[in-house]
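Visitor: Before we start, here is the structure in question, set down as structure tokens.
The values are calculated or read from the model by the stated rules, or taken from the named source; none is laboratory data. Quick caveat, the model's predicted, so the values are computed rather than measured. Here the Cβ positions follow ideal geometry from the backbone for every residue, glycine too, while neighbour counts run over all protein chains shown.
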Amino acid sequence: MGYSEEKLHEEKVFKDPVHRYIHVKDKVIWDLIGTKEFQRLRRVRQLGTTFLVFHGAEHSRLNHSLGVYEIIRRIVDDVFNGRPEWDQSERLLSLCAALLHDLGHGPFSHSFEKVFDLDHEHFTQQIILGNTEINEVLSRVASDFPQKVSDVIAKTYKNKLVVSLISSQIDADRMDYLQRDAYFTGVSYGHFDMERILRVMRPREDQVVIKQSGMHAVEDYIMSRYQMYWQVYFHPVTRSAEVILTKILHRAKHLFEKNYTFKLEPIHFYSLFKGETSLEDYLKLDESVMLYYFQLWQEENDPILKDLCDRFVNRKLFKYVEFHPSNSQMSKLLELNKLFIKAGIDPEYYLVVDSSSDLPYDFYRPGEEEERLPIHLLKNNGEIRELSRESEIVDAISGKRRTDHKLYFPADLLEDESGKRKIKKQIRQLLDLD
Amino acid sequence: MFNDHAKIIHAIALAGEISGRKKLQKMIYIAKKISFPFQEKFQFHFYGPYSEELTLRVEELCNLGYLNEAREKKSGYYQYCYTLTDSGKEFLDLYQMEMPALEPCLQDMNVQNARFLELVSTVLYFDSLPKEEVCEKVFTLKSKQKYTLEEIEEAYQYIAKLQEKAKLQ
């Protein structure tokens, strides 16, 4: 028996608050979980800065990755196995891709990638294809197996059905994170009947389709997605923490470029600051390392870096007002910019517009004009129809645009009347704070 | 401060009118790949490189009244055309952009059809691979589009031409 078919003597089970148990029988999966690159995901939170708002949201990307693996395992072993449209030889590939799909995420990856112009998908591929423990395990299956896993995650694998299991508008990734994020944040929105959805999934040439009889379960899934976006992922206070985090990283990079002398050399950031990040350096960074620097930078001589780190570590976040960037509001913003400078508060770091498009989450889209593959229902007569054409509920929310912009600023500095009182009053009036 | 939005408004102003969401996506992706500073993240989707961030940003700009989105019925589907509104033009007066080479590149792309731009963007997506492997990717991943070797060659030539244009100005 080859390594790809090797089973553990005894099935391993992980207790999991979302799926109750995660079952591992394949030796390859067990070995992948034990690699240092996979274990690193324990030190990267699934929801970045959300824990500053929902204190339970401390779950890691490792929890989520195991959850996605378990969903795919149930689909391929319990639902697809034996169906003529499904090629069971793709089973192990699907499981590995599910387990490893988030491997390249960095610490607080959304802000981190923005500031340093990185892409976690690029690092996922590098970890899978490079000189790593993960690559060593995958190569034992077959020499071309790492490339196949990488292609599935990059959505460029030839079998689109396999890709769609892990990445589509109703995929294992979303089904896990919606439920997991709801559980750990403690909100009551992200619930839907996943067991039902799994039972009505059917493999087709290019994608998974859902039997018409499961439409109401899918409606629930779309609704929970919608609710979670607005109640958790787009939460204005989480966005405030994210704004501060982004500005800390910008400031540290700026200081490095100006040859500023840090009290402790930020060696972990050097390759990022220089824009030449190697895989080895990248893997050394996790959220523990970043938070360690933020702690130290509270004692720095640079007043901006010091202040921003104090805000992040001690949760003294920016306040916000709704902001509609119409031309009159944009003129007001330019005016505010000038007043901030006069007040001695650098607007580059302390006056920030944040938009819904700056966030990494997406809505269900019916896929007009070949944008993204929509969710398809399989009707009893064999016809395939796009979900929002059959469901009034989905139609009601998927076609509607809802966008959101907020203006963030440090209210405490504007209320501090120890200096520049007149200018600060003017600012507060422009922001409608007084 | 709203810079990324401003770049999209600027791009549509330079192109004049862009017919189709797919075309808009591919034009911005190609411009980004030939070194114009667009920040939107693209991933490979069913129809090639696609950015959800760009989709949402365009929606925001339509909601803000800076872009006009007109829906036209085509055979079997709707197509969306984007133009700048008067508010969009006023906005650009507030937000000057310095990307002089962008205009000829976008105008050139805008007269190509969406199918060809889909091919060009796919070739660019795999630009780290040797040409034979890129052809194989195109034939495998875009089998329904039935691209020929000649068309792929044409895409390569087109990319070289655009890169020259981007450098010249």
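Visitor: Which residue, of A:V68, A:V24, is in contact with a helix residue (DSSP H, G or I) (Cβ under 6 Å, 6 or more places away or on another chain), assigned to a strand (DSSP E or B) and not assigned by TED's automatic domain parsing to the domain that holds A:D310?
Guide: Residue meeting the stated conditions: A:V24.
Visitor: Being surrounded by fewer than 21 Cβ atoms within 10 Å (Cβ to Cβ), closer than 27 Å to B:H5 by Cα and in contact with a Ser or Thr (Cβ under 7 Å, 6 or more places away or on another chain) is the requirement here; does A:N327 meet it?
Guide: Yes, satisfied.
Visitor: Now for a separate question. Filtering the range A:285-312 down to residues that are hydrophobic (A, V, I, L, M, F, W, C) and touching a residue at least 60 places away in the same chain (Cβ under 8 Å), which residue is surrounded by the most Cβ atoms within 10 Å (Cβ to Cβ)?
Guide: Residue satisfying both the conditions and the ranking: A:L308.
Visitor: Another question, then. Among the listed residues B:Y78, B:Y95, identify the single one that is touching a strand residue (DSSP E or B) at 6+ places or on another chain (Cβ under 7 Å) and within 12 Å of another protein chain (Cβ to nearest Cβ).
Guide: Criteria check complete, one pass: B:Y78.
Visitor: I'd like to check something: does the range B:55-65 contain any residue that is out of contact with any strand residue (DSSP E or B) (no Cβ under 9 Å at 6 or more places or on another chain) and closer than 25 Å to A:A154 by Cβ?
Guide: yes
Visitor: Restricting the range A:161-179 to residues that are more than 25 Å from A:H59 (Cα to Cα) and crowded, with 21+ Cβ neighbours inside 10 Å, which is farthest from the other protein chains (Cβ to nearest Cβ)?
Guide: Looking at residues that are more than 25 Å from A:H59 (Cα to Cα) and crowded, with 21+ Cβ neighbours inside 10 Å, I get A:V162.
Visitor: For residues in the range A:129-139 being touching a helix residue (DSSP H, G or I) at 6+ places or on another chain (Cβ under 7 Å) and surrounded by fewer than 17 Cβ atoms within 10 Å (Cβ to Cβ), which is farthest from the other protein chains (Cβ to nearest Cβ)?
Guide: A:E133
Visitor: Could you tell me whether the range A:351-373 includes any residue that is modelled with pLDDT of 95 or more, within 8 Å of another protein chain (Cβ to nearest Cβ), surrounded by 18 or more Cβ atoms within 10 Å (Cβ to Cβ) and more than 22 Å from A:G48 (Cβ to Cβ)?
Guide: Looking for residues that are modelled with pLDDT of 95 or more, within 8 Å of another protein chain (Cβ to nearest Cβ), surrounded by 18 or more Cβ atoms within 10 Å (Cβ to Cβ) and more than 22 Å from A:G48 (Cβ to Cβ), one finds at least one in the range A:351-373, hence yes.
Visitor: Since B:L129 meets every condition but one in (1) assigned to a helix (DSSP H, G or I); (2) at pLDDT 90 or above, which condition does it not meet?
Guide: The failed condition is (1).
Visitor: Answer yes or no as to whether A:S139 is among the small types (G, A, S), modelled with pLDDT of 95 or more and part of a helix (DSSP H, G or I).
Guide: When the stated conditions are applied, A:S139 passes them.
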